[in-house]
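Engineer: This is the structure, below, for whatever I ask next.
The values are calculated or read from the model by the stated rules, or taken from the named source; none is laboratory data. Computed from a predicted structure; not experimentally measured. Backbone-built Cβ (ideal geometry, glycine too); neighbour counts: all protein chains shown. Keep in mind that these areas ignore ligands, DNA and RNA; they rest on the heavy atoms of the full protein, side chains included. Shrake-Rupley method; radii C 1.70, N 1.55, O 1.52, S 1.80 Å.
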Amino acid sequence: MAPRTIFRKTAMLHPDRLLPADPAVRATARALYERVADAPIVSPHGHCEASWFAGNAPFPNAADLLVTPDHYVLRMLASQGVSYEALGVPRADGSRPDVDPREAFRLFAAHYHLFAGTPSRVWLDHALHVVLGVPERLGPVTADAVFDHVAARLASPAFRPRALYERFGIEVLATTDNATDTLDAHRALKAQGFGRIVPTFRPDALTDPLREDFAASMQRLEEQTGEHVADWSGFLKALRARRAVFARLGATATDHGVLAPVTADLPRPACQALLDKATAGTITADEAALFQAQMLTEMAAMSVEDGLVMQIHAGSRRNYAPSVFARYGRDKGYDIPAPVAWANGLKPLLDRFGFEPNLQMVLYTLDETAYGRELAPLAGAFPTVLLGAPWWFFDSPEGMRRYRSQVIESAGFHNTAGFVDDTRAFLSIPARHDMARRMDAGFLAGLVAEHQIGTDEAFALIGELAGGLAHRAYRTGTGQAAPGSDRATA
């Protein structure tokens, strides 16, 4: 891969940002950070669109690039009374408000002060000043100048999606795709031989019978596979067939979003009875939860067969504001954390598959109280369990510190899955990895200062945290752990 051409030095951002304040510790942290600052980016979980790279069309404007796709940004603005309509956010029906992007960007710039002290501010400043080369701080007075500067950049071939992919030094980029997605953009990319952009199998629309798109998704699944999906065996065969399609296009993982990480291991007649109610539209909320629980176990069984890494994201009350969901659809910022019980919930699955050599699960939570209480002990004992990066609200400097302090003592570094950026905002990818590398450098420097690890160990670990662990966790690199191997020494 060609060397990265992102320039980290800019007059607008301090070179030691986010590093420890203590001068002695900062010096070690700076050296650790410099070791990995320009390392290739491993992005095995995110929400960018493969079509951006297949079509390679210019990004349209600063508002559509930096504001409307970023639910972190949208929710902060909404909290201060800024309407999604005024920002030009696309509606669920595919229509868009008649809003001049320049006006939307002015509105964003007028409220930029709201992001002080937030990770969004760190990511946005990095995108503006490091990636886009904006020479002045964003605010009401500079909004038009910044908008025009970004427009000029986006008109250049150097800022097309493929050029930025190369400039960011991305080694692998995983998208997240519905199980019934056509994957046409991925096929085009594979035919064109561009980069390493792979799909991720997300079957939530088929495993949650209460979703508004469940019936339509089941119909598409039957059409795509030719299986009779109202029959339990046919349903599972159809899912296996779709997983195989994803794997042929490079997928290495699946992803499952659930409120609670509950699993079940039911006999087939009970499974068929739940499926009958789901397809008839008569399933109750409790029965739907049991159906989802069984489907997590079935997905684990399929991962044992095909080797796809199983990601579980739990503890998010998704689409919490029904009026926003009805007008704008999913993933528009209204996710709220919920407490969850991992050990009890996963027990049926782990009782059956907890020591299967071909199963690898990566667990993410929005319940921080579970880190030390359940997740680190589970990851520190079961060879099938890895602890995912701090997610959503905790993908932040303090969230990363809390994560490390609660997890490492029980699970160690090598039972974690490395960093993932989990973003829809493409320009935030290098910013998020930069933040994580700075925070990890600071954490390791603290361990060195306390004489818990040696400097040589810290330099080895920073490379693992910057990419090695993620490659092995998601089986995306040449050095990933083979099924049944020791994760710590792979």
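Engineer: If you average the C-alpha positions of the stretch 304-332 and of the stretch 69-144 separately, how far apart do those two centres end up, in angstrom?
Structural biologist: 23
Engineer: Quote the relative contact order of the stretch 62-128 in percent (integer), defining contacts as alpha-carbon pairs under 8 Å separated by 6+ residues.
Structural biologist: 32
Engineer: Taking every Cα atom in the stretch 102-205, find the radius of gyration and the maximum pairwise distance Dmax, and write them in Å.
Structural biologist: Just the Cα atoms of the stretch 102-205 yield Rg and Dmax of 17.5, 46 Å.
Engineer: Shifting gears a bit: How big is the gap, in Å, between the Cα center of the stretch 348-383 and the Cα center of the stretch 257-301?
Structural biologist: About 21 Å separates the Cα centre of the stretch 348-383 from the one of the stretch 257-301.
Engineer: How large is the charge dipole for the stretch 69-166, taken about the Cα centre, if only the Cβ atoms of Lys, Arg (+1) and Asp, Glu (-1) carry charge, to the nearest 20 debye? Please list the in-between numbers first.
Structural biologist: Numbers: 10 positive and 11 negative charges, 43 e Å.
It works out to roughly 200 debye.
Engineer: Rounded to two decimals, what ratio of Rg to Rh does the stretch 183-264 give with C-alpha atoms and a Kirkwood Rh? Numbers along the way, then the final one.
Structural biologist: Values: Rg = 14.1 Å, Rh = 14.0 Å.
Ratio value, two decimals: 1.01.
Engineer: Just need log10 I(q)/I(0) for the stretch 31-155 at q = 0.15, 0.17, 0.19 Å⁻¹, Debye formula, equal scatterers on the alpha-carbon atoms, no solvent, rounded to two decimals.
Structural biologist: Reported log10 I(q)/I(0), two decimals: -0.79, -1.00, -1.22.
Engineer: Let me ask something else about it. How do 410, 217 stack up against each other in accessible area, from largest to smallest, with a 1.4 angstrom probe?
Structural biologist: 410, 217
Engineer: Just reorder 408, 336 by solvent-accessible area, largest first, 1.4 Å probe, all chains present. Show your work: numbers first, answer last.
Structural biologist: Values: 408 25, 336 50 Å².
Sorted descending by solvent-accessible area, the residues read 336, 408.
Engineer: While we're here: With a 1.4 Å probe and every protein chain kept in, tell me what percent of the accessible surface of the chain is carbon plus sulfur.
Structural biologist: About 54 percent, which is the carbon plus sulfur part of the accessible surface.
Engineer: Working from the alpha-carbon coordinates of the chain, get Rg over Rh, Rh being the Kirkwood radius.
Structural biologist: When Rh is taken as the Kirkwood radius, the ratio is 0.96.
Engineer: To the nearest 10 square angstrom, what accessible area does residue 51 show with a 1.4 Å probe?
Structural biologist: Number for this one is 70 Å².
Engineer: If exposed GluC sites (Glu not before Pro) are those in a DSSP loop with at most 15 other Cβ within 10 Å, what is the longest stretch of the chain that has none?
Structural biologist: So the longest stretch without any such site is 213-449.
Engineer: Given that compact globular proteins tend to follow 2.2 N^0.38 Å, what is the ratio of the alpha-carbon Rg of the stretch 8-104 to that value?
Structural biologist: On the way: Rg = 19.0 Å, N = 97, 2.2 N^0.38 = 12.5 Å.
Normalised by 2.2 N^0.38 Å, the Cα Rg of the stretch 8-104 equals 1.52.
Engineer: Projected area of the stretch 250-409, taken from the Cα convex hull and averaged over every viewing direction, in nm²?
Structural biologist: Numbers: hull surface 43.8 nm².
Here the figure is 11.0 nm², rounded to one decimal.
Engineer: Related question: Using a 1.4 angstrom probe, figure out how much accessible area the chain has per residue, in square angstrom, rounded to the nearest whole.
Structural biologist: On the way: 19150 Å² over 490 residues.
It amounts to 39 Å² per residue over the chain.
Engineer: Whenever you get a sec, line up 112, 334 from highest to lowest accessible area (probe 1.4 Å, protein heavy atoms).
Structural biologist: 334, 112
Engineer: For residue 100, what accessible surface area do you get with a 1.4 Å probe? Give it in Å², rounded to 10.
Structural biologist: Number for this one is 80 Å².
Engineer: While we're on this one: Restricting to the chain, what percent of DSSP beta bridges are antiparallel, rounded to 5?
Structural biologist: Numbers: 3 of 26 bridges.
Bridges in the chain are about 10 percent antiparallel.
Engineer: Taking the simple approach of a point 7 Å from Cα along Cα-to-Cβ for both residue 85 and residue 248, what is their distance in nm?
Structural biologist: With each label placed 7 Å out from Cα toward Cβ, I get 4.7 nm.
Engineer: Counting only helical runs of four or more DSSP H residues, what would the 222 nm mean residue ellipticity of the chain come to if each run contributes -39,500 (n - 2.57) and the total is spread over all its residues? All intermediate terms of the calculation are to be shown ahead of the outcome.
Structural biologist: Details: 22 runs with 225 residues, N = 490.
The helix contribution divided over the chain gives -13500 deg cm²/dmol.
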